Amino acid sequence: MSYRIIGDSSMDLTEAMAAKDAPFGTVPLKLQVDDTILLDDASFDQHAFLELMAHSRKGACTACPSPHDFMEAYDCDADDIYVVTLTSRLSGTYNAACVARDMYLEQHGHKKNIAVIDSKSGCAGETRMGLYIKELCDKGLPFDEIYRKAVKKADDMKTFFVLHNLETLRKTGRLSGTAARFASLLNIKPILFADNGEIKKFDTARSVEKALKKMCDICVEQARAVGDGPLHAAIVHCNCPERAETVKAYLTGLPDIADVVIAPSRGVSTIYAADGGIVLAI
């Protein structure tokens, strides 16, 4: 059975995932900074977008794709379609994808299988989910079993991130201006995590390097607690490939790490990670 894995544009793609013959596709969200509205697709220019964000007083926001956008993505040659979306706690993409699935099956009959999975994460979490589903498909597992395993993976997956730039938190009201300035002066970097789809602070560290190391140790420890085999990690970076390589090198030196992939952030992840941010999912 042929298959396709469709993410919204919060699924940051590695070079291999973005290859023409790879089974991945994405449905873009809309990005808005002040009066500028962009589509988070192949035309996304990260450096120009970071400039827009830096000069905006309000910051950036997103709008989810419509059910029609997802229906167009479902209209492909694959027999089995697996859809991975940004956490439903932060975006309407999961609901839009579900509505599109119901509409598509009603119009075309049940000639193909369509599963919609709430990643309860985003960014590197969606990347890891997409790669996990591909592994299961390539093993030849049946559709229903892959769906059950993917839902459990979403429940068990650990997603952490370290922000170098706190302006996004300040502009979105998640951190006061005074606290942001105080943290910047003291070089305090927050370690954040996805908790059932919500973003929460786990810890802080003095310097990016210490925060990244602590993030890796915490994420691996928590992933080991729920896993029963080798760990697979996905790193997404926002405009800091060298920092991502440093994190990869540290992870590969830890026990139980089977492999680590790196992807650059697309538009949605650029908003949340901000310039210099690192996101890790295991």
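Every number in this text was worked out from the coordinates using simple rules, so none of it is lab data. Here the structure is a predicted model, which is why all the values come from computation and not from measurement. Don't worry about glycine lacking a Cβ; one is built from the backbone with ideal geometry, like all the others, and counts go over all protein chains shown.
Let me check I've understood the local charge: for residue 63, count other residues with C-beta under 13 angstrom from its C-beta, Lys and Arg +1, Asp and Glu -1. What total comes out?
-2
Run the numbers on the chain and let me know its relative contact order in percent, using alpha-carbon pairs under 8 Å that are six or more apart.
Relative contact order of the chain: 22 percent.
Do the sum for the chain: with -39,500 (n - 2.57) for every DSSP H run of n ≥ 4, divided by all residues, what is the mean residue ellipticity at 222 nm, to the nearest 500 deg cm²/dmol?
-12500 deg cm²/dmol
How much of the DSSP bridge set in the chain is antiparallel, in percent, rounded to the nearest 5?
Just about 55 percent of them are antiparallel.
What list do you get for 118, 34 if you sort them by fewest beta carbons within 10 Å?
Least to most surrounded, the residues fall as 34, 118.
Note down the magnitude of the dipole of the chain about its Cα centre, charges +1 on Lys and Arg C-beta and -1 on Asp and Glu C-beta and zero elsewhere, to the nearest 20 debye.
In debye, rounded to 20, the chain gives about 1140.
Using the charge dipole of the chain (Lys, Arg: +1 at Cβ; Asp, Glu: -1 at Cβ; taken about the Cα centre), state which of 204, 33, 66 has its Cα farthest towards the positive end.
204
Using only the alpha-carbon atoms of the range 33-79, report the extent along each of the three principal axes, biggest first, to the nearest angstrom.
45, 19, 13
For the chain, list log₁₀ I(q)/I(0) at each q in 0.12 Å⁻¹, using the Debye formula over Cα point scatterers of equal strength and ignoring solvent, two decimals each.
So the normalised log intensities are -0.72.
Which pairs, out of 149/200; 139/210; 139/201; 139/214; 120/189, put more than 30 Å between their alpha-carbon atoms?
Distance filter (> 30 Å) returns 139/210; 139/201; 139/214.
Rank these for me by crowding, 265, 43, going from fewest to most other beta carbons within 10 Å.
Fewest to most other Cβ atoms nearby, the residues stand as 43, 265.
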